[in-house]
Amino acid sequence: MACAYATLSLLLSLGKRRKWIETVITVLDTLMVALLFSSNGAAIAVGLLGLRGNSHVHWNKVCNMFGKFCDQVAASLFISLLGSITFLLLLLLPQLFRLKQTT
């Protein structure tokens, strides 16, 4: 979803520079960053559930039985978090440059 949005955002930004398009892209970028971080949080919560289990509902740990799978999940969560941080930086850097130009 974020990749498709980034492609659409890139295509919109290649056209004529209009103030309202830049504002819409900035608002949608902020929304996309929020969605990315919230989905990372949900995925990490499920990963921790697989790692530790939940004794209250009698869900057992699964990482002690499927070690390779849990290692792959941990690596994918780390890479996803790096991608989210990169997207956040791509959102913040143009805003910082815009602030420098106005002062």
Of 62, 51, 72, whose Cα points farthest to the positive end of the dipole of the chain (charges on the beta-carbon: +1 Lys, Arg; -1 Asp, Glu; origin at the Cα centre)? 72
Between (i) 113; (ii) 122; (iii) 101, the structure-derived volume of the Cα convex hull per residue in Å³ is (ii)
Whole-Hz couplings from phi, Karplus 6.51/-1.76/1.60, listed for the stretch 71-86; x for Gly and Pro: 5, 5, 5, 4, 5, 5, 5, 5, 5, 5, 5, 4, x, 5, 5, 4
For the stretch 11-24, what does the Karplus curve 6.51 cos²θ - 1.76 cosθ + 1.60, with θ = phi - 60°, yield as ³J(HN,Hα) per residue in whole Hz, taken in order and with x for Gly and Pro? 5, 5, 6, 6, x, 4, 7, 10, 4, 5, 5, 4, 5, 5
Rounded to the nearest 20 debye, dipole of the chain from Cβ charges on Lys, Arg, Asp, Glu: 320
Per-pair calculated FRET efficiency, R0 = 22 Å: residue 2 and residue 22 via Cβ, rounded to 0.05: 0.70
What Cys residues in the chain have no fellow cysteine's beta-carbon under 4.7 angstrom? 3
Once the Cβ-Cβ distance between residue 12 and residue 35 is put in as r, and R0 is 30 Å, what FRET efficiency do you end up with, to the nearest 0.05? 0.95
Just from its helices, what would the mean residue ellipticity at 222 nm be for the chain, if runs of 4 or more DSSP H residues each count -39500 (n - 2.57) and the sum is divided by every residue, rounded to the nearest 500 deg cm²/dmol? -29000 deg cm²/dmol
So if I take the centroid of the Cα atoms in the stretch 18-44 and the same for the stretch 61-103, what is the distance between those two points in Å? 13
With 10 angstrom as the radius, rank 29, 71 by how many other C-beta atoms surround their C-beta, starting from the fewest. 71, 29
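Each reported figure results from applying straightforward, stated rules to the coordinates on display, with no laboratory input. Note that this is a predicted model, so its numbers are computed, not measured. Because the Cβ atoms are built from the backbone with ideal geometry, glycine has one as well, and the counts that use them run over all protein chains shown.
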